[in-house]
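Chemist: Shown below is the structure under consideration.
Every number in this text was worked out from the coordinates using simple rules, so none of it is lab data. This is a predicted model, so every value here is computed, not measured. Methodologically, a virtual Cβ is constructed for each residue, glycine included, from the backbone with ideal geometry; neighbour enumeration extends over all protein chains shown.
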Amino acid sequence: MTQERSGLPPKGETILKLTKVSKNFGAVSALTDIDMEVKAGEVVALVGDNGAGKSTLVKILAGVHLPSSGTVEFCGREVAIDSPGTALELGIATVFQDLALCENLDVVANLFLGHEMSPWGLDEVGMEVRAWTLLKELAARIPSVREPIASLSGGQRQTVAIARSLLLNPKIIMLDEPTAALGVAQTAEVLNLIERVRDRGLGVIIISHNMEDVRAVADRIVVLRLGRNNGIFTPDASNQELVAAITGATENAVSRRQERKATESHEKGGLSA
Amino acid sequence: MSADMNKAQNAALDRSDERVRHNDTLLGAAKASIDRIRSGDLGMLPVALGLIIISTVFSILNPVYLAPNNLVNMLFDCATVGIISLGIVCVLLLGEIDLSVGSMSGLASAMIGVLWVNQGFPVYGAIAIAVVFGAMIGAVYAQLYNRLGMPSFIATLAGLLALLGLQLYILGPTGSINLPYASPLVRFGQILVMPAWLSHGLALLPGLVMIVMGLRMRSRRLAVNLSSSPLSTLITRAAVLTLALEFAAFYLNKGRGVPWMFGLLVALVIILNYALTRTKWGRSVFAVGGNKEAARRSGINVRAIYTSCFMLCSGLAALGGILSAARLASSSQQAGTGDVNLNAIAAAVIGGTSLFGGRGSAYSALLGIIVIQSISNGLTLLNLSSSLRYMITGGVLAIAVIVDSLARQSRASNGRA
């Protein structure tokens, strides 16, 4: 992380551009005509209800699924991301919700998995030093990098997964629910980390259900609903607007609840007066 | 507070977390290994216990059992199935299995007989053809798995029958071909042993390598501010290993000596161990065995890993078959049938390679086959019928798998995967 990144586009330039991307699983259209842009040095939050297609979109960009139609442009070039390897080579790193760590391997092996230093005689010392340096920079509290992942807690695993995605100096990093399993302090650390990554000129895509986290770090908020674009917001948009876009109605479970609470407190206030 | 901070900064890079207990002394190292065993990471313990029990029981029943020449014989026998078992380790690490290694070895031994003795091919040509053919069969299994999603269990079960059929077909109606006794191949399989000085020299090597590598690793780690294991542990381990190997060489040299064929097995084990632990390929094999999807998403070519492991397994099975033909000086319809398959799989599991993938080492084939062969040899000395031998070997396999399962559960509850 400390060395200068080369080949990063200047801030504000579009790194990733999706045009009319669709994905069908049999008769189900998980994504329909999705348009999205990510610029260098920008955090884009992807929000939506369960089943809105967020994870499918991430998997397409990570090379796990191929889109059924539409184009993906990366640094101005149209690309076909046909395997996870291709995505990594392009510079798209992903932290999946299930973290995708090998529990039988230790932290160092997981960090460098698929990109080991000196493939014909693994440079264990070099990798361990790099691992410690990286984890220190992320202010991560991992007791030992030579213990198998199985012995780590959920938050520690999340940290390892994020550290791994940064190891390859990517241009874009995607985080699928990065704070879902984390405690208060660790969430703040991850948010700090996201900002640090953005300030280095990387594009960040973050998926989260936590509106507070999203508004804390995002520069733009892209709302998906039932596999379609449903508006782009700035972080100063009100909670109500966001929830309306996510659920597809101004009249929804969240607003009804808020109304009820408001009336209740109003009534209470009236009684005591 | 500031003193604390200073301490943390001065500590080695991997020693700044105060929650971890470090085992910096010989006693600490012993403590750590007891902890590991308790949490289900058994390592070599089952093999060591097994060997002690087996040798005690059999030497009481028949004193010839521990005689040097009997042990030399045993090592000759170890080499053939041991090499097959080495291939099994590769596929078990992926969490897959190859049930056709017995048939593959039988077919390879038949190919040697037919190509070399009947068709007049040069012996090395025949060996190369058999091994390459074996590797190709492995490639077919891998393609069935990769492209068609056929479980390796079924694909290799089909292969077991098909290869056995091919073996019977190429051997023809006579059913057995004798290999010339004076040929180097048969001499290698039956007679050739290392000179005493060489075996003693080779027995020194592992300890020396251990110390040299350990010192190099230590200086490199100290140079970059990482902690390293204490010298006393390193020297003790090297000394114990060297003493054990020198004694083994000394004892075997009281008989005929150390078989070259066993030397070949050990060499292959060391090569595979290097490949599994020190190369990117090996790391990928463990990753695929631990979490296939995670490996795929890390950019590992999972299909290529499957292909390489199945090819290695079948290729080594073919090589094992050739050596067993050399050992028996014949290619027959019986080669590779019976318990060869299960012995090879059992050896890998007994040695500590998990049936569930992602755990194990090349050494498990070597250690496991020594256990299996000790039992088999002891039972032969007792002149037991093959009915009893099958039952006992079956029981041993069952115990090995039970130990593996229990250890796995214990590891899971102790957070060691």
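Chemist: Please state, to two decimals, what the Cα-based radius of gyration of the range B:46-195 comes to when divided by 2.2 N^0.38 Å (N = residues).
Modeler: Cα-based Rg divided by the globular estimate yields 1.27.
Chemist: I'd like the distance between the alpha-carbon centres of the range A:43-71 and the range A:195-263, rounded to an integer number of Å.
Modeler: If you average the Cα positions of each part, the centres end up 16 Å apart.
Chemist: So for the range B:196-252, averaging the separation of alpha carbon pairs under 8 Å that are six or more residues apart and normalising by length, what relative contact order in percent results?
Modeler: 56
Chemist: Looking at the protein assembly as shown only, what percent of DSSP beta bridges run antiparallel? Nearest 5 please.
Modeler: 60
Chemist: Based on the mean of other Cβ atoms within 10 Å per residue, sort peptides B:107-114, A:142-149 so the most packed one is first.
Modeler: Top to bottom by mean Cβ count within 10 Å: B:107-114, A:142-149.
Chemist: Name the residue, out of A:PRO84, A:PRO119, A:PRO67, whose mean-square fluctuation peaks in a Gaussian network model built on chain A with Cα pairs under 10 Å.
Modeler: Ranking A:PRO84, A:PRO119, A:PRO67 by mean-square fluctuation puts A:PRO119 first.
Chemist: Related question: Placing +1 on the Cβ of each Lys and Arg and -1 on the Cβ of each Asp and Glu in chain A, which of A:PHE96, A:ALA249, A:ALA180 has its Cα farthest towards the positive end of the resulting dipole?
Modeler: A:ALA249
Chemist: Using the 4.7 Å Cβ rule, please list in number order the cysteines from chain B without any candidate partner.
Modeler: B:CYS78, B:CYS313
Chemist: Right, here's the next one. Counting only other chains, and only Cβ atoms inside 10 Å, what mean value do you get across the residues of A:145-155?
Modeler: 3
Chemist: Per the Cauchy relation, a quarter of the hull surface: what is the mean projected area of the convex hull of the alpha carbons in chain B, in nm²?
Modeler: Mean orientational projected area (chain B, Cα hull): 23.2 nm².
Chemist: Rounded if a/c is under 1.5, else prolate if a/b is larger than b/c, else oblate: which is the range A:14-237, with a ≥ b ≥ c the root eigenvalues of its Cα gyration tensor?
Modeler: prolate
Chemist: If you don't mind, there's one more thing I want to ask. Apply the a/c threshold of 1.5 to the C-alpha gyration tensor of the range B:142-264 and tell me whether it is rounded, prolate or oblate.
Modeler: It comes out oblate by the Cα gyration axes.
Chemist: Under the definition of partner shielding as Cβ atoms of other protein chains within 10 Å of a residue Cβ, what is the mean value for peptide A:112-122?
Modeler: Taking all residues of A:112-122 together, the mean is 6.
Chemist: Once R0 is set to 56 Å, what does the formula 1/(1 + (r/R0)^6) return for the Cβ-Cβ distance between B:LEU66 and A:GLU89, expressed as a FRET efficiency to the nearest 0.05?
Modeler: 0.40
Chemist: Which residue, chosen from B:VAL57, B:ILE127, B:ILE270, occupies the Cα position most advanced towards the positive end of the dipole of chain B, where the dipole is computed from +1 (Lys, Arg) and -1 (Asp, Glu) charges on Cβ about the Cα centre?
Modeler: Farthest towards the positive pole: B:ILE270.
Chemist: Pick from A:ASP33, A:ASP49, A:ASP236: which residue has the top mean-square fluctuation in a GNM of chain A where Cα pairs under 10 Å get a spring?
Modeler: A:ASP236
Chemist: For A:GLU116, A:GLU264, what's the fewest-to-most ordering of other Cβ within 10 Å of each Cβ?
Modeler: With the fewest neighbours first, A:GLU116, A:GLU264 line up as A:GLU264, A:GLU116.
Chemist: Considering every residue in B:81-94, what mean count of other chain Cβ atoms within 10 Å of its Cβ is obtained?
Modeler: Counting Cβ atoms of other protein chains within 10 Å of each residue's Cβ and averaging gives 0.
Chemist: Where a Cα-Cα gap under 28 Å defines reach, which lysines qualify for A:LYS11, not counting those fewer than 8 residues away within the same chain?
Modeler: By straight Cα distance, A:LYS11 reaches A:LYS20, A:LYS39, A:LYS54, A:LYS59, A:LYS136, A:LYS171.
Chemist: Only helices at least 20 Å long along their own axis, judged from Cα atoms, and with Kyte-Doolittle mean hydropathy of 0.5 or greater: name those in chain B from DSSP H.
Modeler: Those that pass (Cα extent of 20 Å or more, hydropathy at least 0.5) are B:45-61, B:68-93, B:123-148, B:152-171, B:196-223, B:231-253, B:260-278, B:302-328, B:363-381, B:386-413.
Chemist: Could you check the simple spin-label distance between A:ASP33 and B:MET150, using points 7 Å along Cα→Cβ, in nm with one decimal?
Modeler: Each label point is offset 7 Å from its Cα along the Cβ direction, giving 4.6 nm.
Chemist: Grab the beta carbon distance between B:TYR181 and B:TYR274, set R0 = 30 Å, and tell me the FRET efficiency rounded to 0.05.
Modeler: Calculated value: 0.25.
Chemist: Give the residue from A:VAL223, A:ALA140, A:GLY26 lying farthest towards the positive end of the charge dipole for chain A; charges sit on Cβ (+1 for Lys and Arg, -1 for Asp and Glu) and the dipole is referred to the Cα centre.
Modeler: Working it through, the farthest residue towards the positive pole turns out to be A:VAL223.
Chemist: Also, I was wondering about something else. Cα-based Rg of the protein assembly as shown per 2.2 N^0.38 Å, rounded to two decimals?
Modeler: So the protein assembly as shown has a normalised radius of gyration of 1.16.
Chemist: Only counting other Cβ atoms within 10 Å, I'd like B:LEU148, A:LEU113, A:LEU99 sorted with the fewest neighbours first.
Modeler: Fewest-to-most Cβ neighbours within 10 Å comes out as B:LEU148, A:LEU99, A:LEU113.
Chemist: Something else: Run the simple label-point estimate for B:ALA248 and B:ALA412 please: 7 Å along Cα→C-beta, distance reported in nm.
Modeler: Once both label points are built, they end up 3.4 nm from each other.
Chemist: Here's something else I'd like to know. May I ask for the distance between the Cα centers of the range B:357-417 and the range B:72-92, given as a whole number of Å?
Modeler: For the range B:357-417 versus the range B:72-92, the Cα centre distance is 13 Å.
Chemist: Which FRET efficiency value, to the nearest 0.05, do you get for A:ALA249 and A:ASN24 by plugging their Cβ-Cβ distance into 1/(1 + (r/R0)^6) with R0 = 25 Å?
Modeler: Efficiency, from the Cβ-Cβ distance: 0.45.
Chemist: So for the pair B:LEU51, B:ALA304, with labels modelled 7 Å out along Cα→Cβ, what separation do we get in nm?
Modeler: Using points 7 Å along Cα→Cβ, the separation is 3.8 nm.
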